[in-house]
Structures are given as C-alpha cells and as structure tokens.
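What follows is a single structure, written as structure tokens, with notes after it.
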Amino acid sequence: MAPSPIRLDAAAGGTGGSWYVLLEGLAKLVREVHPWIDLRVVEGGGVINHADLGAGRIPVAILNPPMTAAALAGRPPFERAQPDLRVGVANLTVNHLQFMVSREIPIQTLRDWPAHRWPLRVPVDRVGTVDRLVFQLALEDIGLTAAALASWGG
C-alpha cells in the first residue's frame, strides 16, 4: 500500500537566492526518493524563518545557525524564545558583509561615515533576512540609523 501524500511548505531565502536554489534541489531529491512527499519551496529569510517555524506558520525551513541559537534563547532580534525549533542538518558558514564606495569618497573605515555624513545609497536585502539584520547592527555599532542616512540624502 502506497503512503498517503504529504505536502509541506518549506521556507528558503529570497527567490532565486542560494538558499532558494539549495532547497529546490533538496525538494527535487526528496520527490525522487519519496514520490509521495512534495516540498513546496516558498520565500523566507534567515531571521523570519525562525519566527514562522516557531509559530507553526511553516513546517520546514532553512535556518541560519547563529539566529537559531538566538531564537532558542529568546535573544534579539527575537522577542521571545522559540523552544520548539528542531535542526535536522546544520552547516555554519562564514558570511562577509562588504561595504564598497567610489574611490572619490575619502572614507577609510565605516567609523569615518557619520562624521562626514556622505549621502551614500546602500542596497540592502529585505527585512527578515540575516543580511539586513547584520547591516543594521553594523550601522548601530558606528552610531548610525537608517533614518539618519535618509536625512543625509542616502
């Protein structure tokens, strides 16, 4: 007797990003090995996936290991602990946050930015992603906010 069909939404990162492609590949492999299991990949993010998974809004997701530790403990950016998260596969990778500016702007370090108030435009990923959170933390570390940048024309 064939098993009953199972359909699960699985949250990745942004559509077309590395997590999305990775989870699409995993979903295809699962279908090949267990045809009755259908993982439908949906857009998510390295922060929001924890909250959605912890609240039961999504049954499967790719999680960022440092954010998982924060979610389990209820540390920022999470307002409360997510004790029901379970990790099946983990891979901690080094992520680099890079800032690049035109040679015409005499900035040597991020700490030079607030003093000169350069109206730099910075493309940043969506709210709910680790990239966005790390960018906000980097700004906070040098005493900046997104509102301050906008007021300078950035």
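The values are calculated or read from the model by the stated rules, or taken from the named source; none is laboratory data. Here the structure is a predicted model, which is why all the values come from computation and not from measurement. Please note: Cβ atoms are built from the backbone with ideal geometry, for glycine as well, and neighbour counts cover all protein chains shown.
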| message | Residues that are within 18 Å of Gly154 (Cβ to Cβ), surrounded by 15 or more Cβ atoms within 10 Å (Cβ to Cβ), free of Cβ contacts under 8 Å to residues at least 40 places away in the same chain and not basic (Lys, Arg): does region 125-133 have at least one? | response | no
| message | Residues to consider are Leu139, Leu97, Leu120; find the one that is surrounded by 13 or more Cβ atoms within 10 Å (Cβ to Cβ), under 30 Å from His50 (Cβ atoms) and not basic (Lys, Arg). | response | Leu139
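Report yes if some residue within region 43-61 is of a type in the set (S, T, N, Q) and either out of contact with any strand residue (DSSP E or B) (no Cβ under 6 Å at 6 or more places or on another chain) or more than 21 Å from Asp131 (Cα to Cα) (or both); otherwise report no. It would help to see each step written out before you state the result.
Applying the first criterion (of a type in the set (S, T, N, Q)) to region 43-61 yields 49.
Of the ones still in play, those that are also either out of contact with any strand residue (DSSP E or B) (no Cβ under 6 Å at 6 or more places or on another chain) or more than 21 Å from Asp131 (Cα to Cα) (or both) are none.
Checked region 43-61: no residue is of a type in the set (S, T, N, Q) and either out of contact with any strand residue (DSSP E or B) (no Cβ under 6 Å at 6 or more places or on another chain) or more than 21 Å from Asp131 (Cα to Cα) (or both).
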| field | Flag for Ala70 being among the aliphatic types (A, V, I, L, M) and either part of a helix (DSSP H, G or I) or in contact with an Asp or Glu (Cβ under 6 Å, 6 or more places away or on another chain) (or both) | value | yes
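Could you identify the single residue in Arg31, Arg40, Arg75 that is touching an Asp or Glu at 6+ places or on another chain (Cβ under 9 Å) and free of Cβ contacts under 8 Å to residues at least 12 places away in the same chain?
Values: Arg40 fails: free of Cβ contacts under 8 Å to residues at least 12 places away in the same chain; Arg75 fails: touching an Asp or Glu at 6+ places or on another chain (Cβ under 9 Å).
The conditions single out Arg31.
Within region 11-36, can you find the residues that are aromatic (Phe, Trp, Tyr) and either part of a loop (DSSP other than H, G, I, E, B) or not assigned by TED's automatic domain parsing to the domain that holds Asn49 (or both)?
Matches in region 11-36: Trp36 only.
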| Is it fair to say Gly74 is surrounded by fewer than 17 Cβ atoms within 10 Å (Cβ to Cβ), on the phi > 0 side of the Ramachandran plot and of a type outside the set (Ser, Thr, Tyr)? | yes
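Please state which one of Ala27, Ala11 is surrounded by 14 or more Cβ atoms within 10 Å (Cβ to Cβ), at pLDDT 95 or above and over 25 Å from Gly74 (Cβ atoms). Break it down into steps so the answer makes sense when it comes.
Numbers: Ala11 fails: over 25 Å from Gly74 (Cβ atoms).
Only one candidate qualifies: Ala27.
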